[in-house]
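Engineer: Questions regarding the structure given below will be posed in turn.
The values are calculated or read from the model by the stated rules, or taken from the named source; none is laboratory data. Just so you know, these numbers come straight off a predicted model, no measurement behind them. Cβ placement follows ideal geometry from the backbone for every residue including glycine, while neighbour counts extend to all protein chains displayed. All accessible areas refer to the heavy atoms of the entire protein, side chains included, with ligands and DNA or RNA removed. Shrake-Rupley method; radii C 1.70, N 1.55, O 1.52, S 1.80 Å.
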Amino acid sequence: MMVRRARVLILWAGCIAFAAFIVARAHYITDLSAFLPANPTPVQQLLVDQLRDGPATRLILIALEQGDAAARARLSAAMAGQLRKDPRFSSVNNGEAVAGQRDREFLFQHRYLLSEAVTAERFSASGLNAAMKETIDNLSSPAGLLFKTLLPRDPTGELLNIVDQLARAPSPQSRDGVWVSADATRALAVAQTAASGSDSDAQSEAIAAIRTAFATAAGDSRQGPNKGVQLRLSGPAVFAVAARAKIERAAVRLAIASSILVVALLLIVYRSLPALGLGLLPVTTGALVGVASVALGFGAVHGITLGFGITLIGESVDYSIYFFIQSRHVRNAAADRSWQQLWWPTVRLGMLASVCGFASLLPSGFPGLKQLGLYSISGLIAAALVTRFVLPALLPGDFAIRDVTPFGARVAARLQGVRRIGRAAIVLWSVALVMLAIVVLYHDRATLWNRELSALSPVSIEEQNYDAKLRADLGAADVRDLVIVSGPDQESILRSAERAAHALQGLVDDKTIGGFESPANYLPSMATQEIRRSSLASASELSANLKQALDGLPLRADRLQPFLEDIEATRHAALVTSRDLTGTSLNAGFDALVLHRRDQWSALLPLRSAAAGGPIDMARVVAALKDAKLEGAQVLDLKQESDALYAGYLSEAIRFSLAGFLALTVLLLIALRSPLRVARVLAPLVLAVLTVATGLAIAGVQLTILHLVGMLLIVAVGSNYALFFDRQAHAEDGGSEALTLASLVIANASTVIGFGLLSFSQVPVLVALGTTVAPGAFLALLFAAIGAPAANAHAQHS
C-alpha cells in the first residue's frame, strides 16, 4: 500500500512540475485572433490579414486636449519631433511642413517617372506651351517663390503635379502650424508603427514611447506654459493593448477574489486547514494541466482561456467537497467499501458527461473555442484523477472535518416541503416553464444571438465613438471598405492597382465614393514608369519643341537648359523601385498598402465615403471593377465580412453543442440503462439552460458564443448534481441524503461564487460566462433536487 501511494505521489508531482515548466514558458496573447478562423478560405484570409496586419492596425491617433491652443500646438510639435527620431515609428504626421529634404530631393529627381501628367503629348510644342503657361500663372500664388526657383529645371510643374497626387486625400484643418479638430479644441497627429499590428508587445512599447514623449514635452518649461493639456490616444493598436491589460487585470483580480471567497467558504465548512489545503489540490492541478495542455496544443494561450481558468476554481473544487463530506458516511457506517468504490463511479460519470459537452468545442473553426474545450477537458480530468488517487494517498489517518449532517438535514427538510406540492404539480410547473421559454425565445429569435464580432471586444461604445470622431477630424479612412488586388509579385499588383484606380476614379467623379488610396500613388508600376520614360522626347526633338513652345512666353530657351539636361538624364536613368523609397515618408504610405504573405502579394485600396460616415454602394464598386475586367479584384467590407465569419462559426458552435448534448445522452443511456432515468437526469439541465436563456432575453441581453460556452458549463456542472440524486434513489447504498445534499449545496455555492464574480468584470466575454453559469448552476441544482425521485429507504435513514 505504501509503495502504491509513493508511486501515485511521485507521478503526480512529476506532472505538476512538468506542467508548471510549460506554463512558465508559454506565450500568452489577448487580441481577437483567437476568434479568427484557423484554416480560412482565400477571402477569409484577406480578412484575417487585414484584422491582424492591415494598415489600420498600425495607426495610433493622437489627440491633445484641454489647455490653450498655443500650448497644444507647442506640445504637438515637440512630441512629433521626438517621435520622428524613434525607429519604432515609420511615420509621424501632425500637419507640420517637415517632409524633409530627402522627400523633396527624391520627388524632384524622379518627377518624370512619378507624375501622372507625363505623356508624349505633354512634351510636344503645344503641350509644353500649355504646361509652362500654367506654371507662370502659379508664380503669383503663395508658393510662387518655390516655383520661381524651380522654373529652370521644372517649367512644366511636374513636382506640383506629384504633390497634388499625394494630397488627394482630405486633410484636417491646421492652426498654429499643426492639425486641429473641426472645432479646434484638439491638436491632432497620426503615428504609424514600424511593427506589425499583431505584435502587441511592440505596439505597447510604441504607445509607451508616445506617452513618454508627451511627458517630456509637457515638462519642458522652455517651450512655455503647458499646464492643463491632456494626451488621449485611440486606434486599433491602443484598443488591443488596453484590452490585454484589461483582461490581465480582470483575470488577476477575479482569481484573487474567487480564491478568497471559496477558501473562506471551505474554512467555514471544514474548519480544518489540512482539509482546505488538500481540497485545493484538484483545483491547482487542473488549472496547471489545462493551461499546459493549451500551450502544448496551440503554441500560445489566449487571455480569455486564462479568464476561463478562474471558473475552474468553482467547478473542480466540487470533487474534493464530494470526497471529504461523503467519506464521512463511509466512516460513520463502517462500510465495507471505500468512497472510491461507492461514489467514484458517479463522479467519473459526471466528469465524462462534462467531457462530452466540452468535446463539442474541439472541432470548432475558432482556435479560441478549441482552447476552451481542450482546457476544460484536460483540467477536469486532471482534477478528478487527483481527487480519486492523490487525495486518498495524502489523507492523514486522523483526518476529520466538521460534521455537516445537521446542515444537510435542514436542506432536506425544506426540500421535502417543496416536494409536498406533488409530482403532478412539479411536472405541470416544468411544462409551463418550458412553454414560457419557447414563447419568449421564439418571439426574440431574430435578435436572440448577437452575430457581430465586436460583441466579443472589450472596447466600449464611448471609446469607439471617440475613435470615429478623431478619424472624421483627420479625414482618415476607417479602412473598413477595401478593394484588394492580388498577384504573384509586386509588379503585378501595382499594375492591377493602377487599373483599379482608373475604374474607381469614375466613381469619385460621380460621387459614389469620396476617394481612395493606392500604393501606385507612391510607386507606379515598372510598366507605367517605362511608358512615361519612353514618352520623353529626345534631346534634339525636345529642344525643337521647346523653341516653338516659348513663342510669346516671357522665358528664354537658354535659361531652360537644366530642364533639357534633366529630361535626357531621366531617359537613361533606372526606374524607381520600392527600395528607392527607403528613407522617405513615401515608404510608410507604400508599405501600409502592400501585404506580402509567402508567395502572395496584395495591394490595398481603401475607399472613403462620399459623405462623412455614410455607407458606400459596394455593388457599384464591384460593377466598376468588373467593367474594367478586374475579375480577380476582391471588394472587402471588413465589418460585414468579419460579422459574417463570426455568425458562421456561431451557427457551427450551436450545431456542435447539440451534437455534444446528443453524445451526453448516449453516454447516460449506456451507463444508466434506463430511458426514464436518463430523462430525469437531463430534465433539470434543459430546464436550467432554457430558464437562463429566457431570463437573458427578457433582460435584453443578446447571446454570444461565450453564452453558448456558459450553457455547456451549466450542463457540465449540473450533470453532477442530477447524477448524485439519481444514485441516491437507485443505488443499494445511496448514502446519507443529508450528507449528499450538504455536499451538493456547498459545491454549488463554490461554483456560483467562482462564476458569479465574473459578472462584475468589465470584459464582455467574462461577463457572458458569469451571467450565464452562476444562475444556471444554481437552477440546475434546484431543479434536480425538486424533481429527484424519492431516495431508497436505506439512504433516507442512514
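Engineer: Within region 757-765, is even one residue at pLDDT 85 or above and open to solvent by less than 20 Å² (accessible area, probe 1.4 Å)?
Structural biologist: There is no residue in region 757-765 that is at pLDDT 85 or above and open to solvent by less than 20 Å² (accessible area, probe 1.4 Å).
Engineer: Could you give me the residue pairs with C-beta distances under 7 Å whose first residue belongs to region 591-613 and is over 30 Å from Asn465 (Cβ atoms), whose second residue is open to solvent by less than 80 Å² (accessible area, probe 1.4 Å) and part of a loop (DSSP other than H, G, I, E, B) wherever it lies, and which are 6+ apart or on separate chains?
Structural biologist: Trp601/Asp489; Ala603/Leu593
Engineer: From the residues in region 223-253 that are in a helix (DSSP H, G or I) and among the small types (Gly, Ala, Ser), which one is surrounded by the most Cβ atoms within 10 Å (Cβ to Cβ)?
Structural biologist: Ala237
Engineer: Continuing with this model, one more query. Is it the case that Phe656 is more than 21 Å from Lys370 (Cβ to Cβ), touching a Leu at 6+ places or on another chain (Cβ under 8 Å) and of a type in the set (Phe, Trp, Tyr)?
Structural biologist: Details: more than 21 Å from Lys370 (Cβ to Cβ): no; touching a Leu at 6+ places or on another chain (Cβ under 8 Å): yes; of a type in the set (Phe, Trp, Tyr): yes.
Spelling it out, it is not the case that Phe656 is more than 21 Å from Lys370 (Cβ to Cβ), touching a Leu at 6+ places or on another chain (Cβ under 8 Å) and of a type in the set (Phe, Trp, Tyr).
Engineer: So, Glu631, is that one of a type in the set (Asp, Glu) and in a helix (DSSP H, G or I) or not?
Structural biologist: Criteria not met by Glu631.
Engineer: Those residues that are open to solvent by less than 30 Å² (accessible area, probe 1.4 Å), within 17 Å of Ala393 (Cα to Cα) and either over 33 Å from the mean Cα position of the chain (by Cα) or at pLDDT below 85 (or both), I need them from region 254-284; list them, please.
Structural biologist: Ala275, Leu276, Leu278, Gly279
Engineer: Looking at region 438-469, which of the residues that are open to solvent by 40 Å² or more (accessible area, probe 1.4 Å) and not in a helix (DSSP H, G or I) is modelled with the lowest pLDDT?
Structural biologist: Ranking the candidates gives Ser460 first.
Engineer: Please name all residue pairs, on different chains or six or more residues apart, with Cβ atoms under 7 Å, provided the first residue is in region 521-537 and is within 13 Å of Glu116 (Cβ to Cβ) and the second residue is open to solvent by 50 Å² or more (accessible area, probe 1.4 Å) and part of a helix (DSSP H, G or I).
Structural biologist: Within 7 Å, the pairs are Asn521/Leu166; Ser525/Arg495.
Engineer: Then there is this: Out of all the residues in region 395-430, which are in contact (Cβ under 8 Å) with a residue 24 or more places away in the chain and assigned to a loop (DSSP other than H, G, I, E, B)?
Structural biologist: Leu395, Pro396, Phe399, Ala400, Ile401, Arg402, Asp403, Val404
Engineer: Identify all residues within region 191-221 that are of a type in the set (Asp, Glu) and either touching a strand residue (DSSP E or B) at 6+ places or on another chain (Cβ under 7 Å) or open to solvent by less than 20 Å² (accessible area, probe 1.4 Å) (or both); write none if there are none.
Structural biologist: Within region 191-221, none qualify.
Engineer: Now for a different question. State yes or no: is Ala412 loosely packed, with under 12 Cβ neighbours inside 10 Å and either over 30 Å from Gln762 (Cβ atoms) or in contact with a His (Cβ under 8 Å, 6 or more places away or on another chain) (or both)?
Structural biologist: So Ala412 does not fit the description; no.
Engineer: Given the options Ala70, Ala56, Ala97, name the one that is open to solvent by 40 Å² or more (accessible area, probe 1.4 Å), modelled with pLDDT under 85 and not aromatic (Phe, Trp, Tyr).
Structural biologist: Ala97
Engineer: Quick one: how many residues across region 254-283 are in contact (Cβ under 8 Å) with a residue 24 or more places away in the chain and either part of a helix (DSSP H, G or I) or touching a Phe, Trp or Tyr at 6+ places or on another chain (Cβ under 6 Å) (or both)?
Structural biologist: Total satisfying the criteria: 18.
Engineer: Looking for whichever is surrounded by fewer than 20 Cβ atoms within 10 Å (Cβ to Cβ) and of a type in the set (A, V, I, L, M, F, W, C) here; the options are Ala592, Ala603, Ala624, Ala611. Which one fits?
Structural biologist: From the options Ala592, Ala603, Ala624, Ala611, the qualifying one is Ala611.
Engineer: Looking at Leu160, Leu188, Leu146, Leu139 in this structure, which one is under 30 Å from Arg471 (Cα atoms) and modelled with pLDDT under 85?
Structural biologist: The match here is Leu160.
Residue by residue, here is whether (1) under 22 Å from Cys356 (Cα atoms); (2) in contact with a strand residue (DSSP E or B) (Cβ under 9 Å, 6 or more places away or on another chain) holds:
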site: Gly695; (1), (2): no, no
site: Ala699; (1), (2): no, no
site: His707; (1), (2): yes, yes
site: Ala716; (1), (2): yes, no
site: Arg727; (1), (2): yes, no
site: Thr751; (1), (2): yes, no
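Engineer: Going through region 492-512 one residue at a time, which ones are in a helix (DSSP H, G or I) and open to solvent by 40 Å² or more (accessible area, probe 1.4 Å)?
Structural biologist: Hits for region 492-512 are Arg495, Glu498, Arg499, His502, Gln505, Asp509.
Engineer: Has region 741-752 got any residue that is assigned to a helix (DSSP H, G or I), modelled with pLDDT under 85 and either open to solvent by less than 10 Å² (accessible area, probe 1.4 Å) or not aromatic (Phe, Trp, Tyr) (or both)?
Structural biologist: Within region 741-752, the first condition is being assigned to a helix (DSSP H, G or I), and the residues that meet it are 741-752.
This time we only want the ones that are modelled with pLDDT under 85, so: none.
No; the residues of region 741-752 include none that is assigned to a helix (DSSP H, G or I), modelled with pLDDT under 85 and either open to solvent by less than 10 Å² (accessible area, probe 1.4 Å) or not aromatic (Phe, Trp, Tyr) (or both).
Engineer: Can I ask one more? Restricting to helices (runs of 4 or more DSSP H) lying wholly in region 636-731: which have 2 or more residues that are without any contact (Cβ under 8 Å) to a residue 24 or more places away in the chain and either open to solvent by less than 20 Å² (accessible area, probe 1.4 Å) or closer than 19 Å to Leu781 by Cα (or both)?
Structural biologist: Once the helices (runs of 4 or more DSSP H) in region 636-731 are filtered for at least 2 residues that are without any contact (Cβ under 8 Å) to a residue 24 or more places away in the chain and either open to solvent by less than 20 Å² (accessible area, probe 1.4 Å) or closer than 19 Å to Leu781 by Cα (or both), what remains is 675-698.
Residue-wise test of (1) within 52 Å of the chain's Cα centre (by Cα); (2) closer than 22 Å to Thr193 by Cβ; (3) open to solvent by 60 Å² or more (accessible area, probe 1.4 Å).
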{"site": "Tyr522", "(1), (2), (3)": "yes, yes, no"}
{"site": "Thr528", "(1), (2), (3)": "yes, no, no"}
{"site": "Leu542", "(1), (2), (3)": "no, no, no"}
{"site": "Gln548", "(1), (2), (3)": "no, no, yes"}
{"site": "Gly552", "(1), (2), (3)": "no, no, yes"}
{"site": "Ala557", "(1), (2), (3)": "no, no, no"}
{"site": "Leu564", "(1), (2), (3)": "no, no, no"}
{"site": "Ala574", "(1), (2), (3)": "yes, no, yes"}
{"site": "Arg579", "(1), (2), (3)": "yes, yes, yes"}
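Engineer: Moving on to the next point. Read through the list (1) at pLDDT below 90; (2) open to solvent by 30 Å² or more (accessible area, probe 1.4 Å), then give the number of the only condition that Leu46 fails.
Structural biologist: (2)
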